[in-house]
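Trainee: Below are the structure tokens for one structure; questions will follow.
The values are calculated or read from the model by the stated rules, or taken from the named source; none is laboratory data. Everything quoted here is computed from the prediction, not taken from an experiment. Here the Cβ positions follow ideal geometry from the backbone for every residue, glycine too, while neighbour counts run over all protein chains shown.
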Amino acid sequence: MNKRKMNKVTILILLVIGFLSFSISSYAEKQAELQPDYYTVYDAKTNKVLFRTAMEVYKGDRYLSGDNKLYEVFKVNKNENTAYAKYLQTEKLPDVNIEEILQAMAVAENTGEKRVAIYSTHSDESYLPSDGAASINGHGGIYKVDAALQKALEAKGVTVKVDRTLYLPHDAMAYSRSRTGAVKLLKDFKPDLLLDVHRDAVPLEEYIRKIAGKNATGVRIVLGRNNPNLKANQQLAYRIKAIADKTYPNMIKDIFFGKGDFNQDLTPNSLLLEFGTYSHTRERAEVSASLIADVLTKALYGSDEQKQVGTVTKAQRPLPGQNKAAGTGIWVLIGVVVVSAVAFMFLSTGGREMYHKFSKATRKEFASYLGKFRRKKGDEP
């Protein structure tokens, strides 16, 4: 009898322990969701907070503040999720004239189809007050932000393609998975602009705003600093910020230059946009998405100033067919040069001597070319 009692007590204790373990685990998960990790970056000179971001921060990352001051991160403490940045310079954004932009857009109204493609690498991202969770295992609230941006762009005559493919889980390989979708959009849809839409995971005070009299959120532009298209993407980002600063002041919160490429190596017309953070309503993000559509159309299609970007016109898109045509032109030019050189050598040195010179030079140059090609391949991110 005592033994049976002891067994019951043991079972009861185990059940209580199991229940407590489950409760503690659930609470910890909920707290992790409510209070996600993020970096706080300080101005090294003043020790004041420059910005916060849920992205990993590395030495060499750069940051353009709302008042166009450029900083570079030089010290990172990964244990404490803090970093320090030094001031570099104040950037001069493009000088934009909104009236001229509107006139140019009116003239170019029927000059061709305008296309923008949208996808979301972090498919789970959501807004806690509106979606009931900061992360949803499926189509998160971020897709409703995509839809708001799509609707606003279409209202301005832009054809929009939204990729709703899930790229779960939200891990280090997410960008590798979404790369497939980005490539497909570029090949099949041939957009003027490719946007990867996200939300941040920092305190809401970083983002909440009133824009055009509406409850909205700030927008962060993220650029991958390790990609060959950085210069072109930076010029486009600066143009977008310049236009937004005049039409919707304080909407573009800042620009973050992070380590990596964020698939922006695929095309010069590629940006990552963060619409607010997890702890404010999704509706705020949708308002900002609707408003930024106006800025994007002005930046892409509003006057010859777009040529400063060097990438927003259809003739300049580095699409597969264009690359092929460019490659063919180069080989034709090389062929003309080679034939001319052979003819000259033949006339000036005689056939046999020409043969030996040409053979030796060809082997040397071909070996040099292969060496350069191999180095280039090895340098790819």
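Trainee: With the structure loaded, tell me whether LYS78 is exposed (fewer than 13 other Cβ atoms within 10 Å of the Cβ) and more than 20 Å from GLU206 (Cβ to Cβ) or whether it fails that test.
Mentor: So LYS78 fits the description; yes.
Trainee: For a quick check of your reading of the model, give me the residue pairs whose first member lies in region 62-85 and is assigned to a loop (DSSP other than H, G, I, E, B), whose second is buried (at least 16 other Cβ atoms within 10 Å of the Cβ), with beta-carbon atoms closer than 6 Å and at least 6 apart or on different chains.
Mentor: SER65/ASP254; GLY66/ASP254; ASN81/TYR39
Trainee: Does ASP37 qualify as being at pLDDT below 95 and within 23 Å of the chain's Cα centre (by Cα)?
Mentor: So ASP37 fits the description; yes.
Trainee: Scanning for something without any contact (Cβ under 8 Å) to a residue 40 or more places away in the chain, touching a strand residue (DSSP E or B) at 6+ places or on another chain (Cβ under 9 Å) and under 18 Å from THR277 (Cα atoms), does region 209-220 turn up at least one residue?
Mentor: So far as region 209-220 goes, yes, one or more of its residues are without any contact (Cβ under 8 Å) to a residue 40 or more places away in the chain, touching a strand residue (DSSP E or B) at 6+ places or on another chain (Cβ under 9 Å) and under 18 Å from THR277 (Cα atoms).
Trainee: Then there's this: What number of residues within region 207-226 satisfy the criterion of being closer than 24 Å to GLY260 by Cα and surrounded by fewer than 21 Cβ atoms within 10 Å (Cβ to Cβ)?
Mentor: 2
Trainee: Take region 96-152 and flag every residue that is hydrophobic (A, V, I, L, M, F, W, C) and within 24 Å of ILE208 (Cβ to Cβ).
Mentor: Result: ILE118, LEU128, ALA133, ALA134, ILE136, ILE142, VAL145, ALA147, ALA148, LEU149, ALA152.
Trainee: Consider VAL9 carefully, then state whether it is at pLDDT 95 or above, out of contact with any Leu (no Cβ under 6 Å at 6 or more places or on another chain) and among the hydrophobic types (A, V, I, L, M, F, W, C).
Mentor: Taking the combined requirement at face value, the residue does not satisfy it.
Trainee: Next up: Of (1) within 26 Å of ALA83 (Cβ to Cβ); (2) in a helix (DSSP H, G or I); (3) over 15 Å from the mean Cα position of the chain (by Cα), VAL202 satisfies all except one. Which?
Mentor: (2)
Trainee: While we're on this one: Evaluate the following for VAL145: is it within 25 Å of GLN264 (Cα to Cα), β-branched (Val, Ile, Thr) and either without any contact (Cβ under 8 Å) to a residue 60 or more places away in the chain or part of a strand (DSSP E or B) (or both)?
Mentor: No: the conditions fail for VAL145.
Trainee: If you don't mind, there's one more thing I want to ask. Could you grab the pairs with beta carbons closer than 6 Å, sequence gap of 6+ or different chains, first residue in region 222-243 and part of a loop (DSSP other than H, G, I, E, B), second one of a type in the set (Gly, Ala, Ser)?
Mentor: Pairs that qualify, where the first residue is part of a loop (DSSP other than H, G, I, E, B) and the partner is of a type in the set (Gly, Ala, Ser), are ASN226/GLY260.
Trainee: Which one is surrounded by the fewest Cβ atoms within 10 Å (Cβ to Cβ) among residues in region 44-64 that are closer than 16 Å to GLU206 by Cα and more than 17 Å from the chain's Cα centre (by Cα)?
Mentor: Looking at residues that are closer than 16 Å to GLU206 by Cα and more than 17 Å from the chain's Cα centre (by Cα), I get LYS48.
Trainee: I'd like the full set of residues that are among the polar types (S, T, N, Q), part of a helix (DSSP H, G or I) and surrounded by fewer than 24 Cβ atoms within 10 Å (Cβ to Cβ), limited to region 279-293.
Mentor: SER290 - this is the single residue of region 279-293 that is among the polar types (S, T, N, Q), part of a helix (DSSP H, G or I) and surrounded by fewer than 24 Cβ atoms within 10 Å (Cβ to Cβ).
Trainee: Do we have any residue at all in region 158-176 that's more than 20 Å from the chain's Cα centre (by Cα), without any contact (Cβ under 8 Å) to a residue 60 or more places away in the chain and outside any strand (DSSP E or B)?
Mentor: Looking for residues that are more than 20 Å from the chain's Cα centre (by Cα), without any contact (Cβ under 8 Å) to a residue 60 or more places away in the chain and outside any strand (DSSP E or B), one finds none in region 158-176, hence no.
Trainee: Going residue by residue through region 96-112, is there one that turns out to be assigned to a strand (DSSP E or B), surrounded by 17 or more Cβ atoms within 10 Å (Cβ to Cβ), in the same structural domain as HIS139 (by TED's automatic domain parsing) and not basic (Lys, Arg)?
Mentor: Within region 96-112, none of the residues are assigned to a strand (DSSP E or B), surrounded by 17 or more Cβ atoms within 10 Å (Cβ to Cβ), in the same structural domain as HIS139 (by TED's automatic domain parsing) and not basic (Lys, Arg).
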